[in-house]
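Before anything else, here's the structure in question.
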Amino acid sequence: MTTVYNFSAGPAVLPEAVLRTAQQEMLDYNGTGIPVMAMSHRSDTFRSILYHAEQDLRSLLAIPGNYKVLFLQGGASAQFSQVAMNFAHGFARVDSVVTGNWSQIAHRQMGRLTAAEIHLAAHGGNLYGFKNLPPVGSWDVGPGSAFVHFVANETVHGLQYKDMPKLSDGLPPLVCDMSSEILSRRINVADFGVIYAGAQKNLGPAGATIVIIREDLLERCPDHIPSVWNYKAHVEKQGMYNTPATYSIYIAGLVLRWLQAQGGVEKMEKLNARKAAMLYAAIDGSGGFYQNGIHPDARSKMNVVFGTGNADSDARFAEEAALAGLRQLVGYKTLGGLRASIYNAMPLEGVAALTEFMAEFQRRNG
Ligand code: PMP
């Protein structure tokens, strides 16, 4: 049987060991005789699953004690407006950095249910055609803004801040969408007001969205918004305001345990750097047959966008690669081309197999 490597941008590859455990526990979780999927979210067993998932996340990211952790629903897309609904009330302005597809959507959605002006702090499209990232020092951010929103890794455009942006004291809190890079490298949580991430890339199946919130910001949550959108309501009910995405949280918990066993985020960071270096070297070493137009300093280590510059040839590449076991390499619907997402659960061997296939495809078509 061909070994299959899954390069999907999300929902994405999960560690095989996690899937095997889930398979074993599918019908009877830990001797309870009940599947996790069919278990009350208020049972001691599920509460324990949630507790351990949170503790493992806290330990992997070294989350300080003054941060709350929530597993919400609605995906990262819900967070685009939820952060503004909760944290911009009473403020005249929110600063928003646009660096690609997802921050562009966030920018447009953020203003829907808030009176605050969503101020464009920087636009990587106008500046660099989304081929490079505006440095944090160039962002037009003001001390009176409610917060500054940005996306650390642009999943579609394949851009990533190499050094994680940090604002100096006196400037507003940073709110960061880390959906497609959370747990892929070390971060200093204390540099952020809020971090959020959909689970379906580096963490588990779709359904759960992790939101890490600095405690003092909860005082801003206004009472007039529906409780289901109110972070404070979720925190007060220990993440049980309503039914959480139980199965997704359970799998995320297994992924977090797997990450611990792999040696944690530091180990992942090293491995991810090797994987990305290998793939970009294959692109750069192809004499122009494959191209990635992103500025070297802004190249994503998670989502590598590339192509031959010819749509037919890209389509053939994706089809033939799929037959060779290298799956889901088609680029984003609006950008075309090819994209290899190489999240934590993608082994080095998968990237090596892709680079071998790239060389072979070039020999046949170059
Ligand atoms: N932000 C980023 C960086 C993403 O990659 C995605 C999904 N690909 C989203 C937000 C939207 O996530 P969801 O579909 O879970 O709402």
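The values are calculated or read from the model by the stated rules, or taken from the named source; none is laboratory data. Predicted model, so just to flag it, every value in this text is computed and none were measured. Every residue, glycine as well, gets a Cβ built from its backbone with ideal geometry; the counts of neighbours run over all protein chains shown. Note: areas computed on protein heavy atoms with side chains; ligands, DNA, RNA excluded. Shrake-Rupley method; radii C 1.70, N 1.55, O 1.52, S 1.80 Å.
Which residues, taken from region 163-203, are farther than 23 Å from ARG274 by Cα, within 12 Å of the ligand (Cβ to nearest atom) and part of a loop (DSSP other than H, G, I, E, B)?
Answer for region 163-203, where residues must be farther than 23 Å from ARG274 by Cα, within 12 Å of the ligand (Cβ to nearest atom) and part of a loop (DSSP other than H, G, I, E, B): just ALA199.
Out of ASN292, ASN272, which single residue is surrounded by 13 or more Cβ atoms within 10 Å (Cβ to Cβ), touching a Gly at 6+ places or on another chain (Cβ under 8 Å) and closer than 22 Å to ASN344 by Cα? Quick ask: steps written out before the conclusion?
Values: ASN272 fails: touching a Gly at 6+ places or on another chain (Cβ under 8 Å).
Exactly one of ASN292, ASN272 is surrounded by 13 or more Cβ atoms within 10 Å (Cβ to Cβ), touching a Gly at 6+ places or on another chain (Cβ under 8 Å) and closer than 22 Å to ASN344 by Cα, namely ASN292.
Continuing with this model, one more query. Among the residues of region 188-215, which ones are open to solvent by 10 Å² or more (accessible area, probe 1.4 Å) and either without any contact (Cβ under 8 Å) to a residue 40 or more places away in the chain or closer than 12 Å to PRO64 by Cβ (or both)?
Within region 188-215, ASN188, ALA190, ASP191, ARG214, GLU215 meet the criteria.
Somewhere in region 89-105, is a residue surrounded by fewer than 17 Cβ atoms within 10 Å (Cβ to Cβ) and part of a strand (DSSP E or B)?
no
Another question, then. Pairs under 9 Å by beta carbon, first residue open to solvent by 80 Å² or more (accessible area, probe 1.4 Å) in region 161-178, partner among the hydrophobic types (A, V, I, L, M, F, W, C), six or more apart or different chains?
Hits for this filter: LYS162/LEU133; LYS162/ALA298; ASP163/VAL136; LYS166/VAL136; LYS166/LEU174; LYS166/PHE192.
What are the residues in region 106-119 that are open to solvent by less than 60 Å² (accessible area, probe 1.4 Å) and away from the ligand (no atom under 15 Å from the Cβ), if any?
Across region 106-119, the qualifying residues are GLY111, THR114, ALA116, ILE118, HIS119.
Follow-up question, since we're still on this one. Do we find that ARG20 is surrounded by fewer than 15 Cβ atoms within 10 Å (Cβ to Cβ) and within 16 Å of the ligand (Cβ to nearest atom) in this structure?
Criteria not met by ARG20.
Right, next: If you take the residues in region 65-77 that are touching a residue at least 40 places away in the same chain (Cβ under 8 Å), away from the ligand (no atom under 16 Å from the Cβ) and open to solvent by 40 Å² or more (accessible area, probe 1.4 Å), which one is farthest from GLN238 (Cα to Cα)?
ASN66
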